[in-house]
Amino acid sequence: MMQSNTPNTHLPSSSLEVRPIVSVRQVSMIFQTGTVALKNANLEIAQGEFISLIGPSGCGKTTLLRLLADLIKPTSGTIQIGGKNPEEARKSRAYGYVFQAPTLMEWRTVLSNVMLPLEVMNFPASERKARAEKMLTLVGLEKFARHYPWQLSGGMQQRVSIARALAFDPQLLFMDEPFGALDEITRENLNLELLRLWRETGKTIIFVTHSIPEAVFLSTRIVVMTPRPGKIETVIPVDLPQPRTFETRELPEFFQIATEVREALRRGHGYEVTE
Amino acid sequence: MTRISPHLGPMLVVALITLALYWPLMYLANIPAAQRALDTGAALPCKTAFECATQLRSPVLPSPQQLWNGFRNLMFPLNSQSAIPLNALVTALETIVGLLLAALVGFFFAIGMVASRAFERSLLPWIVASQTVPIIAIAPMLVVVLGQYGVQGWLPKAIIAAYIAFFPIAIGVAKGLKSPDPLSLDLMKTYNASNWQTYLKLRFPASIPYLFTAFKVAMTAALIGAIVAEISTISFQGIGKMLAENSRASDVVAMWVIMLSSAVLGILLVALVNWLERLLTPWQRVRTAATPLPKQARVSERGGAG
Amino acid sequence: MVAQPTKSAWNQALLGWVLLVVGFGILFWFIASWWNQTEPASGPQKLLIGAGFLLAALGIAWVANQFVNTPNPVIGFTPAALTLLVVVVTAEALLRAYQVPPGLIPTPSRVLSTFFAVRDVLLQDAFQTVVLEALVGYLIGCGLGVFTALLVSRYVFLERGLLPYATVFSSIPIVALAPVLVKMVGIDWQSKAVIVAITVFFPVVVNTFRGLSEVSPLSLDLMRSYAAGEVQQYRWLRLPNALPFIFNALKLGTTLAMIGAIVGEFFGANGQGLGFRIQIEAGRFGFDIVWSAIIVASLIGIAWYNLVAWLERRLTGWHVSFR
């Protein structure tokens, strides 16, 4: 069902390590209602990769991400994050999580929203502001530090929430359809910006989406998932040249890979339930 | 530059119409009574029913002149024991102390209900039921019982005000503590935040707007509680005491003046809550403000993150 | 993702029931043994009551965990019913242990027997207070309120000139209105009906107006595309949209009506009514009757509220809050 990956030649060779930072073995998740959200998933992710999980609703992509983040516990199987189990990884604050919605706290200004994780994690007071300001500069919102979230557009709010996830410098970034609620134009801009962030920070990113072009444009590998029961259909490497630009979308290889993803989805009857 | 509210003109027109209608209404209501008084031969400094309508001792509707005189008599001197300002102040303090007491207890109950489903299951039905019950009925008894155990003066009134204000506050705060969406709670979990941190950084701030909404309802309720408590017992100060006194003495004009003053008191107390709300929840103030935002801030047509 | 009840959870619930039974046993045993006593209980006996209460409370806490996820409302009510029972029984035991004079705080059992003894008087009082004063005033106030809201939503001038007053008026303490109105209208039930009508009027206006005006612009466009007239717009869009708001005000109004009627009677009544009874008996230390009157008022208040809530479910079952 899924090719187990050994060191991967499609990756930007600089940031490769032999030991995977995320490893998922035979993981299943069955909810109390009896729904099989995920069945026998296997996946290994190396340091510095940009992995997209793609599939229609109900294919278990968000479930897989939540399992990695220890927001839920698997029914069976083992997960390792940087050599630790997910709970230990969460407790050592190994990852930042970006949700579908910005989930900014409306009573905090943009700057103090980015400072939130630093407060919770007891960073010294002197360091918090400097770090938060640096992160805001990274996402290009330093001018809006004193604004309240509602004064920002949806795209800007989501950029704040990315800055917040990066504020405590985790190795991993989990992103659950972060741009799903945004319009296509904003989304393409944010995609470019996200790639820049990824290059500059060297993080490992796991990105959930249901947009094929977005997945192809962003990823080093695409994990195609299909529903009923949720499972990993196949993993498709993306060896488009880096750094990617607006022109990348015009390349014939881009369409080739998009077609490959589309066919994989069709094989798993993934289109039946798409909106 | 402040813009004039579009409400102001129509509000003034309505107020003027009401005032203009008051005169004929007042005559219409008072002339029969004046006629009766003249027929029975009461000593009145007037001859026709029309003249007497503005000078009755117990008018159905007092004339503006009478109200003005009554107002002057009851307002001054400001520090007099029998004038309205001092008594209104006492009632206001009882109400506010009661409200704060209620907020304190309400918070503990709300935390209990949010933290433990068992606690909620055991108590919430009664808290909800008590909101549909005329709790005010307990006030007269509570005052007498508290008095028997030596709790006297303004304190029992504050306790009754608190008792009446407690329920809306507890429910409001519980709602507020539960208001953060599941994603925000997940976010705190990804930070491995402790329970205490989740309350401090997420649940408490999220509950503040709900607290103020509850305060606005509870403030009026607490004021009613304080006044009823003053009426139902021997009081030496307070709006309720003045009401009871003048009700016994059948001084209708004074009752009208006290009624209008306590209406103003109620409005002022709620205005106080509104003012505090604006002061303490700046993130909402900017949202509801009608003034245009600075140029660079106007980047969004979206309503907000909430 | 709810944890399945494990064996230890069952054991805990069982222990809870045992504690509950033991706690109640102690309390009841004490009440039975102290039924005809006239002296205060000794220190250890008072401690025993405290222990009984704590055991029962702890028992409820553990038992309640079992009911946390019960969908059935009647069974889910068990912990709340037990809580009330514990409080009442403990009050009975404590009042007997300290021999508090019944003129000050009557025991629950005494209240219950008084309740049956004076039930005819209380029923008459309730008729006067609830049916004549509260209900008549409520119907008038709600009717006028909805009518006013319709006018206000139709004419922008009224919205701007009248609505701000309605909002302000709802923060006025109604007690202050009561004496004036009683003087003006007389001490019979009509004066209280007027007080009730005024109290319920303002929240009904404010809420109904919100429901009538907070219609989605898209729905309005839809009605316009049907070339619907003004009346049709109200009939098919605005009024249905306002129903949940109206019912919120109607539910709130039931409580306000009871309070208005009772408080109104504090300022003058014709010798009947629950508020009058409470005022008079509190003054002469007849607290068993006061409590009985409060129980009657509470039961009627709850029943009335639930009647309106039932109507609401029948008429607005489509609304989100019932899904």
Per the Debye formula with a single identical scatterer at each Cα and no solvent contribution, what log10 I(q)/I(0) holds for the protein assembly as shown at q = 0.11 Å⁻¹? -1.35
At R0 = 60 Å, FRET efficiency that the Cβ-Cβ distance of B:Y27 and C:N11 yields, to 0.05: 0.15
Checking the stretch C:214-317 for GluC sites (Glu not before Pro) in a loop per DSSP with at most 13 other beta-carbon atoms within 10 Å yields C:E214
Provide the FRET efficiency to the nearest 0.05 for the C:L139-C:L315 pair, computing r from the beta carbons and using R0 = 22 Å. 0.80
Give me the number: length gained by fully extending C:F28 to C:Q45, i.e. 0.36 nm times residue separation minus the C-alpha to C-alpha distance, one decimal in nm. 4.8 nm
Cα-based Rg / Dmax (Å) for chain B: 25.3, 87
Could you give the distance between the Cα centres of the stretch B:142-166 and the stretch C:172-246, to the whole Å? 36 Å
Please report the relative contact order for chain C, taking Cα pairs under 8 Å with a sequence separation of at least 6, and give it as a percent rounded to a whole number. 19 percent
Cα centroids of the stretch C:10-67 and the stretch A:111-143: how far apart, whole angstrom? 55 Å
Based only on Cα atoms, what Rg/Rh ratio does the stretch C:134-239 have, Rh being taken as Kirkwood's radius? 1.11
Please report C:S225, B:S184, A:S219 as a ranked list, fewest other C-beta atoms within 10 angstrom at the top and most at the bottom. C:S225, B:S184, A:S219
Cβ-based net charge around C:V296, under 15 Å, with every Lys or Arg adding one and every Asp or Glu removing one: -4
Would you give the gap between the C-alpha center of the stretch A:236-259 and the C-alpha center of the stretch B:229-263, rounded to a whole Å? 83 Å
Within chain B, what is the longest stretch that has no chymotrypsin sites (Phe, Trp or Tyr not before Pro) placed in a DSSP loop and near at most 14 other beta-carbon atoms within 10 Å? B:1-148
With -39,500 (n - 2.57) per DSSP H segment of 4 or more residues and division by the full residue count of the protein assembly as shown, the 222 nm estimate, nearest 500 deg cm²/dmol, is -20000 deg cm²/dmol
Please compute P(r) over all alpha-carbon pairs of the stretch A:28-85, binned at 5 Å starting from zero, and give each bin as a whole-number percent. 4, 16, 29, 28, 15, 6, 2, 0
Return a whole-number percent for the relative contact order of chain A, with Cα pairs under 8 Å and 6 or more residues apart as the contact set. 26 percent
So for B:C46, B:C52, A:C59, fewest C-beta neighbours within 10 Å to most, what's the order? B:C46, B:C52, A:C59
Isolated cysteines for the protein assembly as shown, Cβ-Cβ cutoff 4.7 Å, are A:C59, C:C142
Other residues with Cβ under 11 Å from the Cβ of B:V143 give, with Lys and Arg +1 and Asp and Glu -1, a net charge of 0
P(r) weight above 20 Å for the stretch C:7-100, C-alpha pairs, percent: 40 percent
Among A:I206, A:I257, A:I30, which one shows the highest mean-square fluctuation when chain A is modelled as a Gaussian network with alpha-carbon springs under 10 Å? A:I30
For q values of 0.18, 0.26 Å⁻¹, compute log₁₀ I(q)/I(0) with the Debye formula on a Cα-only model of the stretch C:83-137, without solvent. -0.72, -0.93
With chain C treated as a Gaussian network of Cα nodes joined by springs under 10 Å, which of C:N270, C:N36, C:N248 yields the largest mean-square fluctuation? C:N36
In a Debye calculation with equal point scatterers on the alpha-carbon sites of the stretch A:167-235 and no solvent, what is log10 I(q)/I(0) at q = 0.26 Å⁻¹? -1.31
Loop chymotrypsin sites (Phe, Trp or Tyr not before Pro), the stretch A:205-275 (other Cβ atoms within 10 Å of the site Cβ: 12 or fewer; DSSP): A:Y271
Find the Cα radius of gyration of the stretch A:104-169, compare it with 2.2 N^0.38 Å by division, and give the number to two decimals. 0.97
Please tell me the relative contact order of chain B in percent, rounded to the nearest whole number, where contacts are Cα pairs under 8 Å and at least six residues apart. 21 percent
Beta bridges per DSSP with both ends in the protein assembly as shown, % antiparallel, nearest 5: 50 percent
In chain B, once you exclude exposed trypsin sites (Lys or Arg not before Pro) (DSSP loop, at most 15 other Cβ within 10 angstrom), what's the longest stretch remaining? B:58-297
Using a ≥ b ≥ c from the Cα gyration tensor of the stretch A:181-275 (square roots of the eigenvalues), is it rounded, prolate or oblate, where a/c under 1.5 gives rounded and otherwise the larger of a/b and b/c decides, a/b for prolate? prolate
Quick P(r) readout (the stretch A:117-275; Cα-Cα; 5 Å bins; whole %) gives 1, 8, 16, 18, 19, 14, 10, 7, 5, 2, 0
Most mobile listed residue (B:A165, B:A137, B:A53) in chain B, GNM with C-alpha springs under 10 Å: B:A137
Across the Cα atoms of chain C, what radius of gyration and what greatest pairwise Cα-Cα distance (Dmax) are found, in Å? 25.7, 83
Residues in the stretch A:105-120 that a label on A:T137 would reach, taking backbone N under 17 Å of a point 7 Å out along Cα→Cβ: A:111-112, A:114-115
Helix C:239-266: inclination vs chain C longest Cα principal axis, degrees, rounded to 10, gives 50 degrees
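Read the figures in this text as sums done on the coordinates, not as results from a lab. All values reported here derive from a predicted model rather than from experimental measurement. As a convention, Cβ positions derive from the backbone with ideal geometry for all residues, glycine included, and neighbour counts pool all protein chains shown.
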